[in-house]
1. Check off (1) modelled with pLDDT of 90 or more; (2) exposed (fewer than 12 other Cβ atoms within 10 Å of the Cβ) for residue 94 and give me the number that stays unchecked.
2. State whether the residues of region 60-76 include one that is surrounded by 11 or more Cβ atoms within 10 Å (Cβ to Cβ), assigned to a helix (DSSP H, G or I) and touching a residue at least 40 places away in the same chain (Cβ under 8 Å).
Amino acid sequence: MMNQFFFLLMSNPQGAEGQQGSGMSSMLIMILLIFVVFYFFMIRPQSKRQKKIQEYRDSLQKGDEVITIGGIHGKITNVDETTFTIEIADGVKIKIEKAAVAIDENEVSKKKEEKQTIVTVDGKEK
């Protein structure tokens, strides 16, 4: 199917035997269009998602509840540059990489609500 499509793009249209460059230019336009579609529908959303996950992992602090990508639930007891120490039971602590923390949409929305404060006209926070 794809080979037939490219064959049609490379062939000259009827009545345009003298225009050799038009087939090549239309093929280049189609290839550029494919790259643009790939960028906006695949690459850009993935990079946005990765940025959101990284921001979430960077915002985690001591005392936050987390779930690892392996399904282990725990509370952060120590934060290092690239690792967390989480307590999964009383007195049971494990050290995990920050990349091993799964993003929890419920926690993200709770953190956003906590960060948002409404200031009234008289300067009081709600």
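The values are calculated or read from the model by the stated rules, or taken from the named source; none is laboratory data. Given the structure is predicted, the values throughout are model-derived calculations rather than measurements. Cβ coordinates were reconstructed from backbone atoms using ideal geometry, including for glycine residues, and neighbour counts include every protein chain displayed.
1. (2)
2. Checked region 60-76: no residue is surrounded by 11 or more Cβ atoms within 10 Å (Cβ to Cβ), assigned to a helix (DSSP H, G or I) and touching a residue at least 40 places away in the same chain (Cβ under 8 Å).
Conditions tested, residue by residue: (1) charged (D, E, K, R); (2) at pLDDT 90 or above.
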| residue | (1), (2) |
| --- | --- |
| 25 | no, no |
| 67 | no, yes |
| 71 | no, yes |
| 86 | no, yes |
| 89 | no, yes |
| 107 | yes, no |
| 124 | yes, no |
